[in-house]
2 protein chains.
Amino acid sequence: MPAPRVTEGRVDDRRTAGRRSGDRRAGQSVPPATVARLPGYLRALEATASQGAVLTSSDELAARAGVTPAQLRKDLSFLGSYGRRGVGYDVGHLREQITVVLGLADVRRVIVVGVGNLGHALANYAGIAERGFALVGLVDADPAVVGSTVAGLVVEPADDLRGVVSRTGATIAVLTTPAAVAQQVCDELVAAGVVGILTFAPGALRVPPHVDVRAVDVASELQILAFHDRARSADGGAS
Amino acid sequence: MPAPRVTEGRVDDRRTAGRRSGDRRAGQSVPPATVARLPGYLRALEATASQGAVLTSSDELAARAGVTPAQLRKDLSFLGSYGRRGVGYDVGHLREQITVVLGLADVRRVIVVGVGNLGHALANYAGIAERGFALVGLVDADPAVVGSTVAGLVVEPADDLRGVVSRTGATIAVLTTPAAVAQQVCDELVAAGVVGILTFAPGALRVPPHVDVRAVDVASELQILAFHDRARSADGGAS
DNA sequence: TAGATTGTTAATCGATTAACAATC
DNA sequence: TAGATTGTTAATCGATTAACAATC
């Protein structure tokens, strides 16, 4: 393993000092569009590493991640200078840096609220545990589901949502309840201290500014695909 | 029902003529960011309609959709002039317009490839049928799953993916296979004539320019939430 | 040294916001 | 008419792209 020129943890860039805590500058200065692409870069790095490569280039990594090399370099430049001109990037080192920036150095505790078909599938989704998240609780309102074991956890009643959050220390919640109750459940999650919510319920959620919401809406995605399908078929097979 | 001032189908705006087919201008001129918000507006309109309202305003609609009134009006302006100054928007009329623009006036045929936990949940997802999509096929590579009935359809073998696409006339596919085979399945879908793919498999898919891909990556979403969680906890409870 | 590849700069592009004239 | 609300304009902001100097 080649010694990286830059010692780990060394303060080598004015934007992203090596301090793990107390440093909010990275959080403030990495553009949202860049943050959203970092998980893809991390995945690409893992694929590269699994093939035994120690060095990689912006060309290779960008191809794997499905972006342009220019965009990849620009994105990485917000994190610091972790490559070497004329050489490329150290796979393991860059991987660690992105892991730290994304906040994956510590385990984040996740609960799933709503254990229907989708919640069940997500609770069993291997990607959650594989990527440094700990599934620590399952909650559902249906008495027929409460008490059953899913993904190694006993489903707890929605009544006790607050208790589950505080006992488990969950900071992130996956929301798969019906749309009709999503806002109410969301409010309870926020009151209980959750700061990140991944919702699969259609419709906008209102949250205070310190809470982050990511929404996945399957029906919306299909509708967006329909738009392009229409635009395409509208030319009557021309082209 | 109040007669809308603008007759349906009338060519009343230079950008979006009323022609249903042969008109590619809307597809070319509506910005992607706007297209991505249209499903949310449609949902907001449906909620408004279900409460019996016939008229609405950009203020009300924007609040429901979780955007600013200025953004809503700007977005709608790309579709045409469907409101009335001083009055607001006719709920039913606007709903129809957005439905047409999104290509939901015709039923789009959808297949699900990969009937594991997630594929199973999505096949049973009511939102698909409710929003003008027809689930017309299920495909899986696992012999233990092939032949079983899910959501009223018999799961067909992955060998016959092309046949399923051509027999059903599916133009949109939902992809929930393991990441390792996603690109290969994607290639087959494209070869069979699918033009829209909603993938839940992590990793970038390479497709020709005429094919549209929307990617939902649950692990990435959680990692993005972790970034903000970190940025928040990094200030040591300050603020 | 010569070749390679990063990190950064500047230009372009697209999206958002705010304000207001048009007009119902 | 007076009040209300749209549709549009212009300004701002953020993201992407391309090119290249820095430097390994």
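Results, tabulated for the structure shown:
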quantity	calculated
From B:VAL194, B:VAL213, B:VAL207, B:VAL190, residue being part of a helix (DSSP H, G or I) and either modelled with pLDDT of 95 or more or surrounded by fewer than 22 Cβ atoms within 10 Å (Cβ to Cβ) (or both)	B:VAL190
Complete set of residues in region A:49-67 that are within 6 Å of DNA strand C (Cβ to nearest atom) and either open to solvent by less than 30 Å² (accessible area, probe 1.4 Å) or outside the structural domain of A:VAL30 (by TED's automatic domain parsing) (or both)	A:SER58
Given (1) within 8 Å of another protein chain (Cβ to nearest Cβ); (2) part of a helix (DSSP H, G or I); (3) more than 27 Å from B:ALA129 (Cα to Cα), number of the condition B:GLU221 does not satisfy	(3)
Options B:ILE197, B:ILE172: the member that is within 14 Å of another protein chain (Cβ to nearest Cβ), more than 30 Å from A:ALA105 (Cβ to Cβ) and touching a Gly at 6+ places or on another chain (Cβ under 7 Å)	B:ILE172
Filter result (surrounded by 13 or more Cβ atoms within 10 Å (Cβ to Cβ) and of a type in the set (Lys, Arg)) within region A:137-168	A:ARG162
Some residue of region A:77-98 being within 9 Å of chain B (Cβ to nearest Cβ) and either open to solvent by less than 10 Å² (accessible area, probe 1.4 Å) or without any contact (Cβ under 8 Å) to a residue 12 or more places away in the chain (or both)	no
Residues within region A:30-61 that are closer than 12 Å to A:TYR89 by Cβ, within 19 Å of the chain's Cα centre (by Cα) and within 14 Å of DNA strand D (Cβ to nearest atom), tallied	1
The lone exception for B:VAL101 - which of (1) within 11 Å of DNA strand D (Cβ to nearest atom); (2) within 14 Å of another protein chain (Cβ to nearest Cβ); (3) among the hydrophobic types (A, V, I, L, M, F, W, C) it fails	(1)
Filter pass, A:ARG73 being away from DNA strand D (no atom under 15 Å from the Cβ) and touching a helix residue (DSSP H, G or I) at 6+ places or on another chain (Cβ under 8 Å)	no
Among the candidates B:ALA70, B:ALA44, residue that is farther than 19 Å from A:LEU225 by Cβ and surrounded by 21 or more Cβ atoms within 10 Å (Cβ to Cβ)	B:ALA44
Boolean, B:THR171 is open to solvent by less than 30 Å² (accessible area, probe 1.4 Å) and closer than 25 Å to A:SER220 by Cα	no
Any pair with Cβ under 7 angstrom, 6 or more apart, that starts in region A:117-130 at a residue that is at the interface with chain B (Cβ under 7 Å from one of its Cβ atoms) and ends at one that is in a loop (DSSP other than H, G, I, E, B)	A:ASN117/B:ASN124; A:LEU118/A:THR176; A:LEU118/A:PHE200; A:LEU122/A:THR176; A:ASN124/A:ALA151; A:GLY127/B:PRO202
Criterion violated by A:ALA134 - all others in (1) modelled with pLDDT of 95 or more; (2) within 16 Å of DNA strand D (Cβ to nearest atom); (3) open to solvent by less than 40 Å² (accessible area, probe 1.4 Å) satisfied	(2)
Flag for A:PRO178 being open to solvent by 50 Å² or more (accessible area, probe 1.4 Å) and either at negative phi or of a type outside the set (Ser, Thr, Tyr) (or both)	yes
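The values are calculated or read from the model by the stated rules, or taken from the named source; none is laboratory data. Not measured: the values here are computed from a predicted model. A quick note on method: Cβ atoms are made from the backbone with ideal geometry, for glycine too, and the neighbour counts reach across all protein chains shown. Note: accessible area is taken over every heavy atom of the protein model, side chains too, but ligands, DNA and RNA are not part of it. Shrake-Rupley method; radii C 1.70, N 1.55, O 1.52, S 1.80 Å.
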